[in-house]
Amino acid sequence: MIEHDKVHHRFVRQCGKYEASLMYAVKGDILDFYHIYTPDPYRGGIISTSILKHAFDYARDNGYRVVPSCSYIAGPFLERFPEYKELVDDGEFPFANNENQ
């Protein structure tokens, strides 16, 4: 199960004793997805994909645009799931290192 931790701006999935997460920053109606982490024993599987799909669906359902400043999200993920490209904002990015982090 994927949890949305709005206080710490992240989507989290427990993987046994490990935790996978997507970190994001908020600026108005834009979410900057700046870091996805999957523990070594779970890399190459569906963990990161499931978190990212959940996060993009959240963005769509709540009227957000997405800045994929993480290279994995901007490249391989969006190439595999082009249906999410319509949510990508071409404006200011990255902005993850600001006060909204």
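Every number in this text was worked out from the coordinates using simple rules, so none of it is lab data. Note that the structure is a prediction, hence the values are computed from the model and not measured. Glycine also receives a Cβ, built like all others from the backbone with ideal geometry; neighbour counts cover every protein chain displayed.
Remarks
- Highlighted here are the strands (runs of 3 or more DSSP E) found entirely within segment 1-54 that include at least 1 residues which are closer than 20 Å to Ser69 by Cα, in contact with a Gly (Cβ under 9 Å, 6 or more places away or on another chain) and not polar (S, T, N, Q): 30-37.
- Selected residue (criterion: farthest from Phe81 (Cα to Cα)) from residues of segment 17-59 that are touching a residue at least 12 places away in the same chain (Cβ under 8 Å) and small (Gly, Ala, Ser): Ala25
- Looking only at residues in segment 59-73 that are surrounded by fewer than 16 Cβ atoms within 10 Å (Cβ to Cβ) and either assigned to a strand (DSSP E or B) or not polar (S, T, N, Q) (or both), the one that is nearest to the chain's Cα centre (by Cα) is Tyr72.
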